[in-house]
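This report refers to the structure that appears directly beneath it.
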Amino acid sequence: FTPRVVRECRRSYPDIALQIREDHAAGLIAALASGALHCAFLRVPVARPEGLRFETLLREPVVIALPVSHPLLAGKARALSLSQIRNERFILVRQSGAPGLYAQLLSLCEEQGYTPTVAHEVERMMTALNLVAAGEGIAVVPASMKGAHPDAIEYRGLAGAPDLDAPLTLAWRETTGRGGPLRSFVELVRAAKAQVKRS
């Protein structure tokens, strides 16, 4: 979704200069609140300071990433349950100030009666997938990551956990004016959201 929006912005508004930076949700929200950023894509807002707007764009399912040689892939099941992966080594993305998917996953595992064995805690999703590709464990990631390491990783759905997902949220600073680059970008994002819902 986000690469499509960036491409469309560059095509529709070539005079808008996009300066892109990466951070976790807490860092992005702090930068928005201080005026260092105009808008941000993030998963789950960890705070909602006055003067900021938040809009959920989509709710993305999660998948389990496993090394291609993993025994659980032998059955060719399209989805695996939390109970089937209880004895695995988990690679978790844990971002300070933004527990999100990490906290939700741990809570669901505890409901299943176990605390997962954490092999690695990393700050970036791609780092987690690099470790899965190296055979260091498994990871639960948003479905949009499924193209990563196609020769080294197989992806399976997660059965029995319908509430575990990865929302995508647009956050931006409220402005008094109706026009300007920020308003144009927000409207472009909303149009892309509507297009996704129609397809």
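Here is how the numbers come out for the structure above:
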read-out	value
Every residue from the stretch 15-35 that is over 14 Å from the mean Cα position of the chain (by Cα) and open to solvent by 70 Å² or more (accessible area, probe 1.4 Å)	Asp15, Ala17, Gln19, Ile20, Arg21, Ser34
Total residues in the stretch 35-72, condition in contact with an Asp or Glu (Cβ under 8 Å, 6 or more places away or on another chain), farther than 19 Å from Val140 by Cβ and not small (Gly, Ala, Ser)	2
Answer residue from the stretch 50-76, given it is over 20 Å from Asp165 (Cα atoms) and aliphatic (A, V, I, L, M) and is most open to solvent (accessible area, probe 1.4 Å) among those	Ala74
Residues located in the stretch 58-77, provided they are outside any strand (DSSP E or B) and either at pLDDT 90 or above or small (Gly, Ala, Ser) (or both)	Val68, Ser69, His70, Pro71, Leu72, Leu73, Ala74, Gly75, Ala77
Residue match in the stretch 168-189 (condition: part of a strand (DSSP E or B), closer than 30 Å to Gly35 by Cβ, touching a Gly at 6+ places or on another chain (Cβ under 9 Å) and touching a residue at least 12 places away in the same chain (Cβ under 8 Å))	yes
Condition check for Thr115: touching a helix residue (DSSP H, G or I) at 6+ places or on another chain (Cβ under 7 Å) and open to solvent by 40 Å² or more (accessible area, probe 1.4 Å)	yes
Residue that is surrounded by fewer than 19 Cβ atoms within 10 Å (Cβ to Cβ) and modelled with pLDDT of 95 or more, where the choices are Ala139, Ala152, Ala148	Ala152
Top-ranked residue in the stretch 146-167 [being of a type in the set (A, V, I, L, M, F, W, C) and assigned to a strand (DSSP E or B); ranked as nearest to Glu60 (Cα to Cα)]	Ala166
Qualifying residue in the stretch 73-83 (condition: in contact with an Asp or Glu (Cβ under 7 Å, 6 or more places away or on another chain) and on the phi < 0 side of the Ramachandran plot)	yes
Unique residue being in contact with a helix residue (DSSP H, G or I) (Cβ under 8 Å, 6 or more places away or on another chain), assigned to a helix (DSSP H, G or I) and surrounded by 19 or more Cβ atoms within 10 Å (Cβ to Cβ) when the list is Leu129, Leu80	Leu129
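The values are calculated or read from the model by the stated rules, or taken from the named source; none is laboratory data. Remember, predicted model here, so these are calculated numbers, not experimental data. Because the Cβ atoms are built from the backbone with ideal geometry, glycine has one as well, and the counts that use them run over all protein chains shown. These accessible areas exclude ligands, DNA and RNA; they are computed on the full protein's heavy atoms, side chains included. Shrake-Rupley method; radii C 1.70, N 1.55, O 1.52, S 1.80 Å.
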